[in-house]
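Below is one structure, written out as structure tokens; the observations come after it.
The values are calculated or read from the model by the stated rules, or taken from the named source; none is laboratory data. Values in this document were obtained by computation on a predicted structure and should not be read as measured data. For neighbour counting, all protein chains shown are included, and Cβ atoms are generated from backbone atoms with ideal geometry for every residue, glycine included. To get the accessible areas, we keep the full protein, side chains included, count just its heavy atoms, and leave off ligands, DNA and RNA. Shrake-Rupley method; radii C 1.70, N 1.55, O 1.52, S 1.80 Å.
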Number of protein chains: 2
Amino acid sequence: MTREHVSNLPEVPEEIIQHFDQWQAEGVDASNCPVRDVLDRIGDKWSVLILMMLAREPKRFSALNKAVGDISKRMLTQTLRALQRDGLVERTVYPTTPPRVDYRLTDLGHSALRPLAGLIVWADKRHDDIRAARDAFDRQETVAA
Amino acid sequence: MTREHVSNLPEVPEEIIQHFDQWQAEGVDASNCPVRDVLDRIGDKWSVLILMMLAREPKRFSALNKAVGDISKRMLTQTLRALQRDGLVERTVYPTTPPRVDYRLTDLGHSALRPLAGLIVWADKRHDDIRAARDAFDRQETVAA
DNA sequence: AGTTATGGTCTCGTTTCGTTACCAAGGATC
DNA sequence: GATCCTTGGTAACGAAACGAGACCATAACT
């Protein structure tokens, strides 16, 4: 039943699903799971956005701040530091006044872009479906209440 | 300069990067950006994990709770509700006692699995690099202090 | 002297998160 | 027939993370 359901959809490599199964059997917690470890960083509110913004070329702190728009300086600093710590982003300070600081993707950071692009394309393509689902869900709730 | 840097890396489709550029020019905030809208949900602490766990077959609430391990019932409920609202997961209640509730991926949920798998493979492959970068960063900090 | 610009940090109030206790319903146990 | 067990949650509360805004150092420019 589940198999039929799955089989007519774009396939997820069986190998990956086996990974999932395996983790599941072991009980996935943060300590033993690389995906958890990485996703907890990458998967926060701002990281992906910032990696995207740096895709083509390095950017200054203020440029990032403006590009993202509704991020606060506090969170921008924090996110950039985390990305730097994880080796995805490189920080360069030019000791001028006023100071100038560039952020650029490292090779590792660049390598993240491809999988992220996959996700982004999906998000773009399915956005309408998701919004429709949301509306339907919220209507139901309203009716039930 | 940046171009050379980029060109010898696994390529990200130029089309995608243009997307990034465009968003950037417009100033990406939550309201006008589908990616933001979607990523804010998908990209929370638990959603991806749960989608992974449901990859092969539907699971009961308690099974998910056990599989993830360090998620609380509160957050599990909350995350599942959000996924259901976004149409990625379907909730089925069997009115027995004690109650039995199944969660399964919808077609939409399944379609998310492929891009997520890409990310997961990346995380798995690059985990060591990231940890190494972290260690190096933390050592530097310690020395500087 | 006063203004402007950059790349932050500090503080404080609000949200969100995680932990624990609790609940309802019926079947099994004694 | 009173008690206990199980499932799938919810309620309440303290802890941690987040967001808005004020503030700062430096020097060039007016």
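Does the range B:51-85 hold any residues that are in contact (Cβ under 8 Å) with a residue 40 or more places away in the chain and either in contact with an Asp or Glu (Cβ under 9 Å, 6 or more places away or on another chain) or open to solvent by 70 Å² or more (accessible area, probe 1.4 Å) (or both), and which are they?
B:A55, B:E57, B:P58, B:K59, B:R60, B:F61, B:A82
Would you tally the residues in the range A:36-46 being within 13 Å of DNA strand D (Cβ to nearest atom) and either open to solvent by 40 Å² or more (accessible area, probe 1.4 Å) or more than 17 Å from B:P115 (Cα to Cα) (or both)?
Of the residues in the range A:36-46, 5 are within 13 Å of DNA strand D (Cβ to nearest atom) and either open to solvent by 40 Å² or more (accessible area, probe 1.4 Å) or more than 17 Å from B:P115 (Cα to Cα) (or both).
Residues that are modelled with pLDDT of 95 or more, within 20 Å of the chain's Cα centre (by Cα) and facing another protein chain (nearest Cβ under 9 Å): does the range B:134-144 have at least one?
Checked against the condition, which is being modelled with pLDDT of 95 or more, within 20 Å of the chain's Cα centre (by Cα) and facing another protein chain (nearest Cβ under 9 Å), the range B:134-144 yields no hits at all.
Considering each residue of the range B:81-132, count those that are within 16 Å of B:A63 (Cβ to Cβ) and outside any loop (DSSP other than H, G, I, E, B), and give that number.
The qualifying residues number 13.
Mind counting the residues in the range A:1-28 that are out of contact with any helix residue (DSSP H, G or I) (no Cβ under 7 Å at 6 or more places or on another chain), at pLDDT 60 or above and open to solvent by 40 Å² or more (accessible area, probe 1.4 Å)?
Number satisfying all stated conditions: 9.
Tell me yes or no: at least one residue of the range B:95-103 is touching a residue at least 40 places away in the same chain (Cβ under 8 Å), in contact with a helix residue (DSSP H, G or I) (Cβ under 6 Å, 6 or more places away or on another chain) and open to solvent by 20 Å² or more (accessible area, probe 1.4 Å).
Among the residues of the range B:95-103, at least one is touching a residue at least 40 places away in the same chain (Cβ under 8 Å), in contact with a helix residue (DSSP H, G or I) (Cβ under 6 Å, 6 or more places away or on another chain) and open to solvent by 20 Å² or more (accessible area, probe 1.4 Å), which makes the answer yes.
Can you pull out the residues in the range A:68-80 that are assigned to a helix (DSSP H, G or I) and over 16 Å from A:V48 (Cβ atoms)?
Correct list: A:K73, A:R74, A:T77.
Let me confirm something: among A:K59, A:K73, A:K125, which residue is of a type in the set (K, R) and within 14 Å of DNA strand D (Cβ to nearest atom)?
A:K73
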